[in-house]
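One structure is given here, and the rest of the page talks about it.
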Amino acid sequence: MTTTIKLDSSAEDHHIARMAAVALGLAVLENAIPSPLPGVKPGLANIVTLIVLARYGWRVAAWVSLLRVVAGSLLFGNFLAPGFFLSLSGAVLSLIVLAAAQHLPSRWFGPVSHSIYAAFAHIAGQMAMVYLWLIPHAGIAYLIPIFAAAALVFGAVNGVIAARFMNTAVEGFSAKPS
Amino acid sequence: MRPVNWHEPLRADVLPHLKPGDWLTLLLGGICVVVLALTLWNGELADRAVIRSGGKIFREVPLSRDQQIEVPGPLGTSVVTIEKRKARISSDPSPRQYCVRQGWLQQAGEIAICLPNEVSVELAGSRKKYDSLNY
């Protein structure tokens, strides 16, 4: 005998899951790119977070981002391992900064700014986690300028990609879930 | 061969998506990176080497005089070489030889640790670089 467990899910839940799945795909994709230094990676999945933030607001973006972190860790097999907490601390601090950054006047500031601020917050969260928990040695300070430079470059690139996507996206994609 | 004009895609694909505030953000980010690099990589030269064995300070020697120091540890003797204001561990009985392969240490705060033999060399400047670090 089989029992069917039915969870009530709204259209918005499905939408969030779809967006998180896209972010997850990008995370898997970028995991295949070799990195010169552990921790320096493009963060392509954040493009999805940026687009969702601009289209559907901070709450949905937070869901998508955190779902991606948790599901991604299950996929990569590091759930509750140090790598998971590094991702989580980066994502949480990014979201906090994005909550503030989204109120910047949109006439002057676009996704590129959001992306750069979030990237810096991401690396700050990760470095804080590394220092407080994993490697409490001042020596890691030598790596901060490298991480900051990577955050600036990748943050800007992701921001441009997100902005470009939003400016040229077909209408069908931007249809809001009813 | 047709010359690749990379200005064109840049103008068409990137520039329209940057708003004035985004340029400001880029500028601020750039300044932030430069300031971080200048403050954290200010490369203070070391002037003495602190040699530890078993967690206790074995000797503190100035880098100004070239010398070799033999440091006893539980596995045997590690040899610390000081030459031209640099220091390195030139021989160690540890199986993996990490501290030997680390090579020359030059800046204050750099450290080579031979774990199994409990010997370490840390370079120190005239002042301690960090008391604590906050983010």
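The values are calculated or read from the model by the stated rules, or taken from the named source; none is laboratory data. The structure displayed is predicted, hence computed values, not measured ones. Cβ coordinates were reconstructed from backbone atoms using ideal geometry, including for glycine residues, and neighbour counts include every protein chain displayed.
When the stretch A:148-169 is examined, which residues are found to be assigned to a helix (DSSP H, G or I), over 16 Å from the mean Cα position of the chain (by Cα), surrounded by fewer than 22 Cβ atoms within 10 Å (Cβ to Cβ) and of a type outside the set (S, T, Y)?
A:A149, A:R164, A:F165, A:M166, A:N167 - these are the residues of the stretch A:148-169 that are assigned to a helix (DSSP H, G or I), over 16 Å from the mean Cα position of the chain (by Cα), surrounded by fewer than 22 Cβ atoms within 10 Å (Cβ to Cβ) and of a type outside the set (S, T, Y).
The single condition among (1) within 14 Å of chain A (Cβ to nearest Cβ); (2) farther than 26 Å from A:A149 by Cβ that B:L27 does not meet is (2).
Taking (1) surrounded by fewer than 23 Cβ atoms within 10 Å (Cβ to Cβ); (2) in contact with a Lys or Arg (Cβ under 8 Å, 6 or more places away or on another chain) in turn, A:H14 satisfies each apart from (2). For the stretch B:89-119, the tally of residues that are in contact with a helix residue (DSSP H, G or I) (Cβ under 8 Å, 6 or more places away or on another chain), surrounded by 19 or more Cβ atoms within 10 Å (Cβ to Cβ) and in a strand (DSSP E or B) stands at 4.
B:W6 passes every criterion in (1) within 24 Å of A:A162 (Cβ to Cβ); (2) within 14 Å of chain A (Cβ to nearest Cβ); (3) at pLDDT below 90 apart from (2). Residues that are farther than 19 Å from A:A54 by Cβ and among the small types (G, A, S) were ranked within the stretch A:22-38; the one that is surrounded by the fewest Cβ atoms within 10 Å (Cβ to Cβ) is A:A32.
Taking (1) in contact (Cβ under 8 Å) with a residue 24 or more places away in the chain; (2) closer than 21 Å to B:D22 by Cβ in turn, A:A71 satisfies each apart from (2).
Test A:I146 against the criterion of being closer than 16 Å to B:V34 by Cα and in contact (Cβ under 8 Å) with a residue 60 or more places away in the chain, and give yes or no. Spell out the reasoning first.
Numbers: closer than 16 Å to B:V34 by Cα: yes; in contact (Cβ under 8 Å) with a residue 60 or more places away in the chain: yes.
For A:I146, the condition - closer than 16 Å to B:V34 by Cα and in contact (Cβ under 8 Å) with a residue 60 or more places away in the chain - is met.
On the stretch given as the stretch A:83-131, residues that are assigned to a loop (DSSP other than H, G, I, E, B) and within 7 Å of another protein chain (Cβ to nearest Cβ) total 4.
Taking (1) under 23 Å from A:I140 (Cβ atoms); (2) modelled with pLDDT under 90; (3) touching a helix residue (DSSP H, G or I) at 6+ places or on another chain (Cβ under 9 Å) in turn, A:S9 satisfies each apart from (1).
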